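A short worksheet on the structure shown next.
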Amino acid sequence: MSETEVHHAWLPPVAWQPIGSRRTLVVGTGPLVDTVRNEVAQACARYGGEVRTGQPGGGAPDLVLRTDPDPAADGDGYELVRAAGTTTVRSATPAGLLYGLFHVVRLGAAAFGADFPARTESPAARRRMLDHWDNVAVHPVMGQVERGYAGGSLFWRDGALREDLSRVHAYARLLAACGINAVTVNNVNVHAAEARLLTDRLADVAAIATVLRPYGIRVHLSVSFAAPMLVGGLPTADPVDEGVRRWWREAAGRVYAAIADFGGFVVKADSEGQPGPFGYGRSHADGANLLAAALEPFGGVVHWRAFVYNHHQDWRDRATDRARAAYDHFVPLDGRFHANVVLQVKYGPIDFQPREPLSPVIAAMPATSVAVELQVTQEYTGQQRHVCYLAPQWSELLRFPLAGRSVAELAGGGLVAVSNVGDDPFWTGHPLAQANLYAFGRLAWDPGADPGELLDEWISLTFGPDDPALRRTLHLMMDGSWRTYERYTAPLGVGFMVHPGDHYGPAVDGYEYSRWGTYHFADRDGVGVDRTRASGTGFTGQYPAPWSDVYESVWSCPDELLLFFHHVPYGHLLRSGSTVIQHIYDTHFAGAEQAAELVAWWRAVPVGGLVTAELHARVTERLGEQVRCAREWRDQINAYFWRKSGVPDAHGRPVDGS
Ligand code: GCV
């Protein structure tokens, strides 16, 4: 594969062979049905099969893809059955047919084997969305893609829309194949050039929408709360100002005139320097409802982010707790948001750490539509240089019974994730990081799906179904990789300890005396943040029963979250039976060793078939960096806590970095 070619990801031509070598009947009309027909026709052109429309002649079809027009129908579901030698997908909407087709692709030859009874599939989340933190103009610090680890943007280059959007077309296919149906095309930090996407550069957004539409994907746009001033020439952005309200209505009207199926706005307000309603003494309900009212006539939604906290904190001030902020700001507003506002809440109360408790906001706003936000881009999980398959973490989070209902059920507003793709030939920098994007889409569709099975599904699609040895190796390398990463980084849920700014690699005190509110409070006696009601910041009180009590007590708090909720002595005995300090040493030795084992496993994988020389070399190069970085984490963390505590390793290993 040359640098200009693009990796096929989970849609290599061979994945289409079972369909492409058979006879398929496609019944239905409309643009999405055309997409289905074209996909099947391309597969048939390659593998000698046949695609028909209308009534069949010349023998029964092997596959029937049928959408029965039902104007009242909504949604993306379908029915799949195999009987009397024919596999049939039936849907009430064209979108359902598209997702049904990709289900048949996933099944491969099994779709055409023994009969199976009818099963209906429909997504748990209506909106399954990827946010791109892509900048139109290259940002002096954050570059073309904020927290992007896979090259440039698929959409934008050096201040302009890319002329060639064929990568966007290929991306749309991949996204539809894993169930994604919404994409935000620019960063939530909206700078000057990006603010204009709403006005004089709207045509750029419309051009992207045209490419994504055939795959059932709607475009959303991140907007600045200050847009009426930045691009509208108004003296204020105050949400109660009639001129401001009119400006947003007209802006929304222009958007829908250009993009009839536009999804809506995403807003980061009063957060990390972005403007918001606080600037006018208004609430976030006032702010969100302003935009919601403008979008309402057109059926659009506002994804309003709950990531609001004081990023000018004084580290001496122990009463201010960043973890509390979203709840304190938003829960009092429950019931005050318009129906088309979706509150977009990061899964944890801090910031996409490898281990955090769930954000209590998710369970605390029954009268508000809530979406949960995950991070596929690996800002804090190895930046696509480390193997870190995140689906086990997401699955754990989505199944968690936060208030008698799982997080997936509470997320009625959908699932959102920050995308990890760029213009890299492998899409994601690390080729194995493609699995995270795939698994996010599949979990957004079915949060109950088993992450290990999703991994196997991804491996079989991406590398072909016929290599059990490769499948075993990749499964071994990836399935436990999130826990491995957790072992060699910040211990027991305390988080951060990353290099300031770029957030890569260890810096134990990197944020300890900073304004960002991400502390660990290690001293000679102990470590951790006291967030109890009894003696700390009271954050545990934001949880519903039983979690408020489970987290409050040092004895019932799960080990993996202990230092998130408690400050304990190094000799504190964990539920596992180990002490905190010994756990730190043990997990860091083990984690770095497990990272090193990845190299041996991968070395045994031969180049050949869909494991091209380029892909093999790229993974090898990334693994080298992972091993180096994991060792660095091990030595810095162990040395730091040895120096603080003076407690030696019980097994006599060197913990001073020697
Ligand atoms: C887009 C973290 C990241 C920022 C990001 C922010 C957010 O703080 O480091 O780069 O900004 O989250 O989610 O808005």
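The values are calculated or read from the model by the stated rules, or taken from the named source; none is laboratory data. No experiment lies behind these values; they were computed from the predicted model shown. So basically every Cβ, Gly included, is an ideal-geometry build from the backbone, and we count neighbours across all protein chains shown. The area values use the complete protein model at the heavy-atom level, side chains included, leaving out ligands, DNA and RNA. Shrake-Rupley method; radii C 1.70, N 1.55, O 1.52, S 1.80 Å.
Of note:
- Qualifying position, being over 23 Å from Arg249 (Cα atoms), in a helix (DSSP H, G or I), away from the ligand (no atom under 14 Å from the Cβ) and open to solvent by less than 10 Å² (accessible area, probe 1.4 Å), among Leu175, Leu154, Leu197: Leu175
- Scanning the range 533-581 for residues that are under 26 Å from the mean Cα position of the chain (by Cα), in a loop (DSSP other than H, G, I, E, B) and surrounded by fewer than 19 Cβ atoms within 10 Å (Cβ to Cβ) yields a count of 2.
Listed here are the residues, each with its yes/no results for (1) within 19 Å of Val145 (Cβ to Cβ); (2) surrounded by 20 or more Cβ atoms within 10 Å (Cβ to Cβ); (3) acidic (Asp, Glu).
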{"site": "Thr377", "(1), (2), (3)": "yes, yes, no"}
{"site": "Ser406", "(1), (2), (3)": "no, no, no"}
{"site": "Leu410", "(1), (2), (3)": "no, yes, no"}
{"site": "Gly413", "(1), (2), (3)": "no, yes, no"}
{"site": "Val416", "(1), (2), (3)": "yes, yes, no"}
{"site": "Asp424", "(1), (2), (3)": "yes, yes, yes"}
{"site": "Thr428", "(1), (2), (3)": "yes, yes, no"}
{"site": "Asn436", "(1), (2), (3)": "yes, yes, no"}
{"site": "Glu457", "(1), (2), (3)": "no, yes, yes"}
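- All positions within the range 8-27 that are surrounded by 21 or more Cβ atoms within 10 Å (Cβ to Cβ) and in a loop (DSSP other than H, G, I, E, B): Ala9, Trp10, Arg22
- Candidate set: the range 345-374, residues that are open to solvent by 10 Å² or more (accessible area, probe 1.4 Å) and part of a strand (DSSP E or B); chosen: the one farthest from the ligand (Cβ to nearest atom): Ser369
- Condition met for Asp328 (over 25 Å from Glu242 (Cα atoms), in a helix (DSSP H, G or I), open to solvent by 10 Å² or more (accessible area, probe 1.4 Å) and among the charged types (D, E, K, R)): yes
- Set side by side, the residues Ala592, Ala596 differ, and just one is in contact (Cβ under 8 Å) with a residue 12 or more places away in the chain, open to solvent by less than 10 Å² (accessible area, probe 1.4 Å) and closer than 29 Å to Pro654 by Cα, which is Ala592.
- Residues that are over 23 Å from Phe278 (Cα atoms), aromatic (Phe, Trp, Tyr) and in a helix (DSSP H, G or I), drawn from the range 238-264: Tyr256
- Of all residues in the range 212-226, those satisfying the criterion of being crowded, with 20+ Cβ neighbours inside 10 Å and either within 16 Å of the ligand (Cβ to nearest atom) or over 22 Å from Trp248 (Cα atoms) (or both) are Leu212, Tyr215, Gly216, Ile217, His220, Leu221, Ser222, Val223, Ser224, Phe225.
- Here Val231 clears all of (1) open to solvent by 10 Å² or more (accessible area, probe 1.4 Å); (2) within 16 Å of the ligand (Cβ to nearest atom) except the condition numbered (2).
- Residues that are crowded, with 22+ Cβ neighbours inside 10 Å, within 15 Å of the ligand (Cβ to nearest atom) and hydrophobic (A, V, I, L, M, F, W, C) within the range 134-151 comprise Val136, Val145, listed in sequence order.
- Matching option when the condition is in a helix (DSSP H, G or I) and surrounded by fewer than 18 Cβ atoms within 10 Å (Cβ to Cβ), among Ala114, Ala95, Ala109: Ala109
- With respect to the conditions (1) within 16 Å of the ligand (Cβ to nearest atom); (2) in contact with a strand residue (DSSP E or B) (Cβ under 6 Å, 6 or more places away or on another chain); (3) not charged (D, E, K, R), His284 lacks only one, and its number is (2).
- Filter result for Val89 (closer than 30 Å to Arg126 by Cα, crowded, with 19+ Cβ neighbours inside 10 Å and touching a helix residue (DSSP H, G or I) at 6+ places or on another chain (Cβ under 6 Å)): yes
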